[in-house]
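The values are calculated or read from the model by the stated rules, or taken from the named source; none is laboratory data. Since the structure is predicted, the reported quantities are computational estimates derived from the model, not experimental observations. Ideal geometry is used to build each Cβ from the backbone, glycine not excepted, and the neighbour counts take in all protein chains shown.
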Amino acid sequence: MAAEHGIEETPTAYIVHHLKHLQVGEGFWTWHVDTLFMSTLLAIVTALFLYAGARKASAGVPSRFVSFIEMIYEFVDGQVADVYHGNRAFLVAVALSLFTWIIAMNAMDLIPLDAPGYIAALFGAEYWRVLPTADLNGTIAMAIVILFLIIGAAIRAKGLKGYAHEWITAPFGGNPLLWIPNFALNVVELLAKPVSLSMRLFGNMYAGELLFMLIALLGMAAALSLGGSLLFLGQLIAGAAWAIFHVLIILLQAYIFMVLPIVYIAMAEEHH
Amino acid sequence: MTINATFIGQILVFAILLWFIYKFVTPALSQALNERQKKIADGLAAAEKGQKDLAEAQSRAEGVIKEARDRANQIIDQANRRSNEIVDAAKGTAQHEGERIVTTARTEAATEANRARDTLRREVGSLVAAGTSRLLEREVDAKTHADLLDKLAAEIGRG
């Protein structure tokens with residue numbers, strides 16, 4: 001499809017093209033239109049999907065669809081209950097939105113690589129990255145919300161004074177000489193959480209996407225030369241294998257991004 | 001991998017999604033599941049209670065049947081005894097009556113025989129007296145010879 005935009009058909013150009021966002025604005029005030037559009041669309045789909053099940057859920061015999069929604073809910077609820085002991089109504093909502101939304105976004109990786117760009121081109125968009133979780137902005141946004149939830153939970157459990165006290169006295173002790181090392185370590189500890197969360201998901205999805213692109217190059221090479229027609233078979237086999245394996249990564253990364261924030265929030269409420 | 005204003009938009013999207021799910025999805029699901037759990041627990045308890053009631057009713061019914069059978073047997077026994085008693089009583093009465101009738105008849109017969117004997121004796125006595133007076137050609141003073149006449153009559157009666 002790159003040829004449609006008058007770009008030279010080389011493997012490098014193909015990959016670079018596929019890694020470009022459709023963007024507006026300059027400098028920091030650049031907006032990735034594709035990421036925003038896809039994540040909003042998938043948030044709406046996820047919300048309506050869950051809402052359709054929640055609206056029909058009752059104490060009576062559930063339909064298959066409602067059962068499926070209830071299964072997801074019960075799974076998430078069970079995971080939260082294992083980690084957090086207290087009123088978990090809000091945390092279940094956090095975990096459920098993270099889990100379902102991330103699965104929906106990650107699953108975009110399974111769409112044939114060139115299809116979204118082709119559709120976007122019909123609407124005049126030159127670039128279209130379909131995977132919001134392979135955009136660091138997408139994953140770091142969720143991690144920042146989690147960061148605020150962690151801080152909020154800690155303040156709620158210990159009070160503003162207690163939390164501030166913990167910042168300078170834990171983990172080494174209350175000696176004034178140790179205040180600065182304590183504070184420094186707490187900064188690292190707190191920031192490591194959102195950074196590791198967002199980097200893990202971003203890295204996994206970005207690498208997955210990249211591998212799909214490399215596999216797609218096999219097909220491109222096949223199209224370019226007669227002798228390379230076997231490479232097309234290679235693309236089919238490698239693409240299928242990676243897609244099947246990628247289903248596991250999609251679910252696993254969503255699961256990790258659901259459980260770790262709950263663990264962090266539960267830890268934040270514990271007293272040192 | 002550049003960080004730019006996109007993440008601000010993504011935070012808004014996530015916050016709205018979170019709000020929606022917290023407001024409209026999880027409470028409904030949680031309530032429905034809790035209600036179903038309660039309903040199932042109630043249903044199981046009711047089933048257990050029903051089973052217990054059934055067993056109780058069965059044992060009670062067995063008791064009632066056993067009691068009725070006992071009572072029926074008792075009534076049959078009583079009836080048999082009563083009928084035997086009635087038959088025995090009737091037999092006794094009949095025997096008595098028969099004996100009484102026989103006794104009465106015997107007494108009557110004896111009385112009749114005595115009366116006949118008396119009449120005969122009297123007639124024989126008067127016949128003897130008449131015969132004797134005719135033989136002696138004179139009248140026998142009945143009062144004087146009453147003693148003699150009676151003896152004679154007794155002798156005749158015995159013979």
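If A:Gly203 satisfies all but one of (1) within 21 Å of A:Met267 (Cα to Cα); (2) within 14 Å of chain B (Cβ to nearest Cβ), what's the number of the condition it fails?
(1)
In this structure, does A:Ala222 turn out to be more than 22 Å from A:Thr35 (Cα to Cα), touching a Ser or Thr at 6+ places or on another chain (Cβ under 9 Å) and among the hydrophobic types (A, V, I, L, M, F, W, C)?
yes
With respect to B:Ile65, is the statement that it is within 14 Å of another protein chain (Cβ to nearest Cβ) and of a type in the set (A, V, I, L, M) true?
no
Tally up the residues in segment B:7-62 that are closer than 30 Å to A:Val145 by Cβ and more than 11 Å from chain A (Cβ to nearest Cβ), please.
The total comes to 0.
Being buried (at least 24 other Cβ atoms within 10 Å of the Cβ), in contact with a Phe, Trp or Tyr (Cβ under 8 Å, 6 or more places away or on another chain) and either at pLDDT below 85 or of a type in the set (A, V, I, L, M) (or both) narrows it down to one of A:Ile146, A:Ile102, so name that one.
A:Ile102
Restricting to segment A:91-118, count the residues that are under 24 Å from B:Leu17 (Cβ atoms), of a type in the set (A, V, I, L, M, F, W, C) and over 16 Å from the mean Cα position of the chain (by Cα).
Adding up the residues that qualify gives 4.
Check segment A:111-126 and report whether any residue there is in contact with a Gly (Cβ under 9 Å, 6 or more places away or on another chain) and assigned to a helix (DSSP H, G or I).
Among the residues of segment A:111-126, not one is in contact with a Gly (Cβ under 9 Å, 6 or more places away or on another chain) and assigned to a helix (DSSP H, G or I), which makes the answer no.
Among the residues that make up segment A:146-158, is at least one of them farther than 27 Å from A:Asp109 by Cβ, within 14 Å of another protein chain (Cβ to nearest Cβ) and among the small types (Gly, Ala, Ser)?
yes
For segment A:27-41, how many residues meet the condition of being facing chain B (nearest Cβ under 9 Å) and either surrounded by fewer than 14 Cβ atoms within 10 Å (Cβ to Cβ) or of a type outside the set (Val, Ile, Thr) (or both)?
7
Considering B:Val128, B:Val102, which residue is more than 14 Å from chain A (Cβ to nearest Cβ), in contact with a helix residue (DSSP H, G or I) (Cβ under 7 Å, 6 or more places away or on another chain) and either assigned to a helix (DSSP H, G or I) or exposed (fewer than 10 other Cβ atoms within 10 Å of the Cβ) (or both)?
Result: B:Val128 is the single residue among B:Val128, B:Val102 that is more than 14 Å from chain A (Cβ to nearest Cβ), in contact with a helix residue (DSSP H, G or I) (Cβ under 7 Å, 6 or more places away or on another chain) and either assigned to a helix (DSSP H, G or I) or exposed (fewer than 10 other Cβ atoms within 10 Å of the Cβ) (or both).
Looking at (1) more than 9 Å from every other protein chain (Cβ to nearest Cβ); (2) surrounded by 20 or more Cβ atoms within 10 Å (Cβ to Cβ), find the lone condition where A:Val66 falls short.
Here A:Val66 meets the rest and fails (1).
Name, by its number, the condition in (1) over 22 Å from A:Gly60 (Cβ atoms); (2) of a type in the set (S, T, N, Q); (3) within 7 Å of another protein chain (Cβ to nearest Cβ) that does not hold for B:Thr2.
Tallying (1) over 22 Å from A:Gly60 (Cβ atoms); (2) of a type in the set (S, T, N, Q); (3) within 7 Å of another protein chain (Cβ to nearest Cβ), B:Thr2 fails exactly one: (3).
Specify which of the listed residues (A:Asn182, A:Asn204) is of a type in the set (S, T, N, Q), more than 13 Å from the chain's Cα centre (by Cα) and at negative phi.
A:Asn182
In this structure, is B:Ile75 over 30 Å from B:Ile156 (Cβ atoms), of a type in the set (A, V, I, L, M) and under 18 Å from the mean Cα position of the chain (by Cα)?
So B:Ile75 passes the test.
Quick one: would you say B:Arg122 is without any contact (Cβ under 8 Å) to a residue 12 or more places away in the chain and of a type in the set (D, E, K, R)?
So B:Arg122 does not fit the description; no.
Just checking, does segment A:69-92 include any residue being farther than 30 Å from A:Ala268 by Cβ, at the interface with chain B (Cβ under 10 Å from one of its Cβ atoms) and surrounded by 14 or more Cβ atoms within 10 Å (Cβ to Cβ)?
The answer is no; no qualifying residue exists.
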